[in-house]
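The values are calculated or read from the model by the stated rules, or taken from the named source; none is laboratory data. From a predicted model like this one, the values you see are computed outputs, not experimental measurements. Heads up, the Cβs are rebuilt from the backbone with ideal geometry, glycines too, and the neighbour counts pull from every protein chain shown.
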Amino acid sequence: MAAGFDLRETAATSEETEKAMKFLLIDFTSQMLGLNLFALLILWFPFRYGELWAWSALWFYPVMFAWHYFHYAKGTKFSMIQIIYCVLSAVALILTYSNFN
């Protein structure tokens, strides 16, 4: 219901739609796992050792959350989460900037 409509109801409209929805869920899950592993590797090694490129690369997250808010989530139940994540990730990066000079 985060997108404003019932995905289960949509998936139940036909067998083909249900297969497509399952595929998209598996695809989305694998993309999220891969992206989170990538972020973990950046955070675990170069960011912890104060490498500026890692700090710069992590600006991907506040930009991504802002993009999602403006292009996908605006006006949905999920919009406040996008704003909170955007602000928290940007503040965290700003607060850690002094470690990278």
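A few remarks follow.
- The residues of region 47-78 that are buried (at least 17 other Cβ atoms within 10 Å of the Cβ) and of a type outside the set (A, V, I, L, M, F, W, C), listed by number, are Tyr61, Pro62, His68, Tyr69.
- Considering Leu93, Leu88, the condition of being at negative phi, in contact (Cβ under 8 Å) with a residue 12 or more places away in the chain and in a helix (DSSP H, G or I) is satisfied by Leu93 alone.
- Inspection of region 71-87 identifies at least one residue that is of a type in the set (Val, Ile, Thr) and at pLDDT below 90.
- Applying the criterion of being outside any helix (DSSP H, G or I) and over 22 Å from the mean Cα position of the chain (by Cα) to the residues of region 4-46, the residue that is surrounded by the most Cβ atoms within 10 Å (Cβ to Cβ) is Ala12.
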